[in-house]
Amino acid sequence: MRLYSLLAAAKINLYLEVVGHRGDGFHELIMVMQSISLADRVTVRSIGVDDIRVRCDHPLVPRDETNLAYRAAALLAQRFPGVMAKLGGVEITLEKHIPVGAGLAGGSGNAAAVLVGLDMLWQLGLTQAELQDLGARLGSDVPFCIGGGTAIATGRGEQLDALPGVDHLYLVLAKYESEFVSTPWAYTTYRANFEPTYLADEAGFAARRSQVKSGAMVAAIAGQDGVAIGQQLYNDLEKVVLPAHPKTAQLKTTLASLGGLGTLMSGSGPTVFTLVGSQAEAEALAQRLKAALPDPDLGVWTARFSSAGVQLVG
C-alpha cells in the first residue's frame, strides 16, 4: 500500500504525581494514563521525492520540523538510511479533532501514529517495543500513545506497565480555546514551589512507585469500580496551574458542581474532565455545562475510555 490512515487517540491522566528530580533533568513521575475515543486522523502517503511534508489546516499546528509528527518521520529516516530513496518520501496529513495545547497528548499521539504508519509504509518490520523505544526519543507520552489503553507510566513517563482495561466509563472534557499552559512552565513552577517535598534518590522513587502500584487507584481500576476511580483522581500540577489560570480553575469548579464521578485537570492542562457512567450521562452533563457557561470560547467534548492508542483505519 502507498497510503495508510490511522486514528491517534487522546489520553487523559487519571493520576499524576511529581516524585522528584532525575539525573537527566526531567522529573520522576508516577502517572496512570488512559486512552479515550477522542482522536485525530493521521494519514501517511508515499510521495515520489526524498522529502517529508506535513499538511494540516489547523492554524496552531506547525508544518515544519518543529512538529512532532515531522520529527517522528525524520527519526525513522535517520534510523533507516536509504529507506526514502528506496520507497519514497512521505506526506503526513493531520486531521485535528483533539484540541491543541490541551494536556491531552495530541502532538504525541500524532507522532505515535506516524511511527506506526511509516513502519508499515516503509516495510520496516518493527515490534511495538521497538517503536516505543524510538517514540521515547521524541517525547515522554509517545510510547504510551502507541499502545494506549490503561497503564501506569513511571520514569519521565516512558516506562509503562499495563493495567486492566476500563471500557465502561465515559467523560466530558472542556477547555477554553484561548487558554494554553506551557508544560515546561508547569514543571518548572512546580519545582520552584514544591522542591522541598521531592524524594531524594532512586530508592525513594522505587518505594513510592511500589506504594502507588498497590494503592487505591490501581485497586479501583482492577475492580472496574468507576465510583472509586472518580474518588481517586489526582494531579499534582493542579497546585500551580489552577492558581495561575483562574478561568480554568473556575471551569473545574463549575464542571465538578454539575455531577459525575469525579473531576480533574489532565496533564499540565488546561483541559478538565469529569467521569460519568454512560454516554447518555456524558451528553446530558455536556449540555448542563454549556448552559452554565455559555461562552463561545469554551470547547466541550464527550468521549469514552478506549483500549487502543494508534488504530489502523485504512
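Read the figures in this text as sums done on the coordinates, not as results from a lab. Since this is a predicted model, take the numbers as computed values, not measurements. Cβ: placed from backbone, ideal geometry, glycine included. Neighbour counts: every protein chain shown.
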Under a point-charge model restricted to the Cβ atoms of Lys and Arg (+1) and Asp and Glu (-1), what is the dipole moment magnitude of the chain relative to its Cα centre, in debye to the nearest 20?
260
Take the alpha carbon gyration tensor of the range 179-314, find the square roots of its eigenvalues, order them as a ≥ b ≥ c, and report rounded if a/c is under 1.5; if not, report prolate when a/b exceeds b/c, else oblate.
oblate
When a/c is below 1.5 the answer is rounded, else prolate if a/b is larger than b/c, else oblate, so apply that to the range 232-276 with a ≥ b ≥ c taken from the square roots of the Cα gyration tensor eigenvalues.
oblate
Taking just the alpha-carbon atoms of the range 1-146, what radius of gyration and Dmax come out, in angstrom?
15.3, 48
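Kirkwood Rh and Cα-based Rg: tell me the resulting Rg over Rh for the chain, rounded to two decimals.
Working: Rg = 19.3 Å, Rh = 19.9 Å.
My calculation of the ratio gives 0.97.
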Positive dipole terminus of the chain, leading residue within V116, V240, G267 (C-beta point charges):
V116
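If you take the square roots of the eigenvalues of the alpha-carbon gyration tensor of the range 128-257 and sort them as a ≥ b ≥ c, do you get rounded (a/c under 1.5), prolate (a/b over b/c) or oblate?
Taking the square roots of the gyration eigenvalues as a ≥ b ≥ c, the range 128-257 is rounded.
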For the range 90-170, just list the percent of Cα-Cα distances falling in each 10 Å bin from zero outward, please.
17, 46, 32, 5
Cα axis of helix 202-213 to longest principal axis of the chain: angle in degrees, 0 to 90, nearest 10?
70
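Output the peptides 41-48, 138-145 sorted from most to least packed, where packing is the average of other Cβ atoms within 10 Å over each peptide's residues.
On the way: 41-48: 18.5, 138-145: 26.0.
Per-residue mean Cβ counts within 10 Å order the peptides as 138-145, 41-48.
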